[in-house]
Each structure stands twice: as structure tokens, then as C-alpha cells.
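The values are calculated or read from the model by the stated rules, or taken from the named source; none is laboratory data. All values reported here derive from a predicted model rather than from experimental measurement. Methodologically, a virtual Cβ is constructed for each residue, glycine included, from the backbone with ideal geometry; neighbour enumeration extends over all protein chains shown.
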Amino acid sequence: MLNNDINNPEIIVDSLRAQGYRITKAREDIVRILCNVKHYTVEELVNELKAIKKDVNVATVYNNINFLVHEGIVNEYNFNNKNSVYELNIGLHAHLVCIDCNDIINIDIPTFKSIKDNVEKNTGFKILNAKLDMYGYCPSCLKNKSNNE
Ligand SMILES: [Zn+2]
Ligand SMILES: [Zn+2]
């Protein structure tokens, strides 16, 4: 689990290597950005990489992010039928998605976790990701709406 060291990209990268994952320099760069714990599109990742003066090729970023998803290091999500977004696998959590400003908020729901644990126990399935997304208006969009009515 990456949870505890999320603020320390160094530790995350070292521990992935120690676990035997092939973390090339290009993959390391992506993991470091994802340590900001936001939900990034590939386009946003490319922009972040460019901002730190990395030589980026969009196809390579796609390949590397797909590798990280396949290994369970990164999770892929789709919200509001928009492009996929990627987040470091920080453990099972649900998402609140605002349909106005597209804000995505991570939320811990213990019941959601226990459902996953039960399913793993009963089926022997190793679950890398499960999705529980709730759509609606965030408090500030809700406030704007009621002001305009
Ligand atoms: Zn909003
Ligand atoms: Zn999330």
C-alpha cells in the first residue's frame, strides 16, 4: 500500500523498485507527479513533464501509464464521460464528482472497503481497483446555482 508514504516520492519510487517493478526514469517521473494525489489526464501529465523540462513523447507517456495501471500502481478512472484520468493507487476510495466544475473529491467510505474485502475473501480474487462514483453539485456550485435562481 502506498498510502503512508504518499508525501515522499523518494520512498514510493524506492519501494516500487524494491518490490521488483521495472521503474525506468520515465516511469519514475510520472510516479513523482502522481504523488501530488490529483486525478491527471495524459494531457495534464505531459504538460507537467514539459514544465519540469522533460523530453516527452505522448505515446511513451501512454505506454508508461498503461504499464503502471496494469501493475496496479496507478488507477484509471473515467468521470462525466471525459478522458481517462489517472491517480496513484492510494487504496480504495470513492469519488464525488461535480457535474458543473468537474471537481473530483476523494472520499473514504468504510462500507465500500469492507465490501471489497468480503469479495476478495469469498472469491480469492485480488482486487486492484473498484469504482464508486457519486455525481452532483459541489457546495460552491450549489451555492452559485441557488444565488442565480
Ligand atoms: Zn462544482
Ligand atoms: Zn481518487
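Each row is one residue, and each column tells you yes or no for (1) assigned by TED's automatic domain parsing to the domain that holds I6; (2) more than 16 Å from ligand 1 (Cβ to nearest atom).
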{"site": "V69", "(1), (2)": "yes, yes"}
{"site": "F79", "(1), (2)": "yes, no"}
{"site": "Y86", "(1), (2)": "yes, yes"}
{"site": "L132", "(1), (2)": "no, yes"}
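Given the criterion assigned by TED's automatic domain parsing to the domain that holds A130 and surrounded by 14 or more Cβ atoms within 10 Å (Cβ to Cβ), identify the matching residue among C35, C98.
Criteria check complete, one pass: C98.
Would you mention how many residues in the range 39-73 are charged (D, E, K, R) and touching a residue at least 60 places away in the same chain (Cβ under 8 Å)?
0
Need the failing condition index for K131 against (1) part of a loop (DSSP other than H, G, I, E, B); (2) more than 22 Å from I65 (Cβ to Cβ); (3) not β-branched (V, I, T), just the number.
Here K131 clears every test but (2).
Against the condition out of contact with any helix residue (DSSP H, G or I) (no Cβ under 7 Å at 6 or more places or on another chain) and within 20 Å of I12 (Cα to Cα), how does G136 come out, does it pass?
no
Which residue is nearest to the chain's Cα centre (by Cα), if the candidates are limited to the range 118-143 and must be under 14 Å from D100 (Cβ atoms) and free of Cβ contacts under 8 Å to residues at least 12 places away in the same chain?
That would be P139.
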